[in-house]
Amino acid sequence: MLYLIGLGLGDAKDITVKGLEVVRRCSRVYLEAYTSVLTVGKEALEEFYGRKLVVADREEVEQEADNILKDADISDVAFLVVGDPFGATTHSDLVLRATKLGIPYRVIHNASIMNAVGCCGLQLYKFGETVSIVFWTDTWRPESFFDKVKKNRQNGMHTLCLLDIKVKEQSLENLIKGRKIYEPPRYMSVNQAAQQLLEIVQNQRIRGEEPVTEETLCVGLARVGADDQKIVAGTLRQMCTVDLGEPLHSLIITGGSIHPMEMEMLSLFSIPENSSESQSINGL
């Protein structure tokens, strides 16, 4: 059996009881290590689970999945995912591969940012399509995702923006030369995402479109589910100045229509006027 097990959003103890029982009896346990991260490292997980973990990076999961599935038809293999197993399409591919090989699978779900984002007070059923914001480079500055933001805004829906994670990435030079030298991990912050969004807003304005402005209400979130979780609510311009500390961060662009109860909840996290300091909340 192949088990896909969600780990939740915080630390080692966020795994479900059912998931932990499975982990402790599997012959091999893989830890997916590129779509998200917990607030604790691999060693803390190993200590709590009582099992050694094999770190599976993007290359292994996407190109060498057969290694993960090896002997899963005669033994139990666990694949651990931060959040929920289906928070990334890569993991659907793993299920399809297992099915083609005749390997049965089972999914043990957990909380993910897709539902835990409701902690800020915005109603989950009013979220539209989720988008990803990637790090821009000197030669690559994609804006295509913004079409989904515009569509969500037109429909009065909020947009959850998942921010870029760069783990085990190679520089262009090392990639060309085939050198297995990797760049230090990078995690996009709320203020970095907001700065890129502001540039897109300005470009949209030049083209005669203004679905989002500098004054559009946004919500920044950091380390959702952890003890030091932070939430701030303010304009897109204000989001450029907030410092929410360590990763992981997410950003919400609110829809055009906000329920009074949503506004009352967001007021708990409002950024003080004339200040770059943000108000935060610990825990839920």
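Looking only at the range 252-272, decide whether some residue is part of a strand (DSSP E or B), open to solvent by 30 Å² or more (accessible area, probe 1.4 Å) and on the phi < 0 side of the Ramachandran plot.
Yes, the range 252-272 has at least one match.
Quick test of your reading of the structure: K126 fulfils all but one of (1) open to solvent by less than 20 Å² (accessible area, probe 1.4 Å); (2) of a type outside the set (A, V, I, L, M); (3) at pLDDT 95 or above. Name the failing condition by number.
(1)
Looking only at the range 101-122, which residues are over 19 Å from the mean Cα position of the chain (by Cα) and open to solvent by 30 Å² or more (accessible area, probe 1.4 Å)?
Residues satisfying the conditions are L101, G102, P104, Y105, R106, V107.
Assess whether D71 counts as being touching a residue at least 24 places away in the same chain (Cβ under 8 Å), charged (D, E, K, R), open to solvent by 20 Å² or more (accessible area, probe 1.4 Å) and farther than 30 Å from R186 by Cα.
yes
Restricting to the range 44-62, what's the tally of residues that are within 24 Å of K180 (Cα to Cα) and either touching a Gly at 6+ places or on another chain (Cβ under 8 Å) or free of Cβ contacts under 8 Å to residues at least 24 places away in the same chain (or both)?
Of the residues in the range 44-62, 1 are within 24 Å of K180 (Cα to Cα) and either touching a Gly at 6+ places or on another chain (Cβ under 8 Å) or free of Cβ contacts under 8 Å to residues at least 24 places away in the same chain (or both).
Just to be sure, is L197 in contact (Cβ under 8 Å) with a residue 60 or more places away in the chain, within 26 Å of M265 (Cβ to Cβ) and in a strand (DSSP E or B)?
Answer is no for this residue.
Run Q204 past the list (1) part of a helix (DSSP H, G or I); (2) open to solvent by less than 90 Å² (accessible area, probe 1.4 Å); (3) at pLDDT below 95; (4) out of contact with any helix residue (DSSP H, G or I) (no Cβ under 9 Å at 6 or more places or on another chain) and report the number of the one that doesn't hold.
Going through the list (1) part of a helix (DSSP H, G or I); (2) open to solvent by less than 90 Å² (accessible area, probe 1.4 Å); (3) at pLDDT below 95; (4) out of contact with any helix residue (DSSP H, G or I) (no Cβ under 9 Å at 6 or more places or on another chain), Q204 breaks only (4).
On the basis of being at pLDDT 95 or above and under 18 Å from I113 (Cα atoms), does K18 make the cut?
no
Restricting to the range 51-65, count the residues that are open to solvent by 60 Å² or more (accessible area, probe 1.4 Å) and assigned to a loop (DSSP other than H, G, I, E, B).
Counting residues in the range 51-65 that are open to solvent by 60 Å² or more (accessible area, probe 1.4 Å) and assigned to a loop (DSSP other than H, G, I, E, B) gives 2.
In this structure, is N174 modelled with pLDDT under 90 and not in a loop (DSSP other than H, G, I, E, B)?
yes
Please enumerate the residues belonging to the range 213-227 that are modelled with pLDDT of 95 or more and either open to solvent by 30 Å² or more (accessible area, probe 1.4 Å) or more than 11 Å from L251 (Cα to Cα) (or both).
Listed by number, the residues that qualify are T213, E214, E215, T216, L217, R223, V224.
Kindly provide the set of residues from the range 23-38 that are surrounded by fewer than 20 Cβ atoms within 10 Å (Cβ to Cβ) and of a type in the set (V, I, T), ordered by number.
Passing the criteria: T35, V37.
The values are calculated or read from the model by the stated rules, or taken from the named source; none is laboratory data. Because the structure is a prediction, the values reported are computed rather than measured. Reconstructed Cβ throughout: ideal geometry from the backbone, glycine too, with neighbour counts over all protein chains shown. We work out accessible area using only protein heavy atoms, side chains counted, and drop any ligands, DNA or RNA first. Shrake-Rupley method; radii C 1.70, N 1.55, O 1.52, S 1.80 Å.
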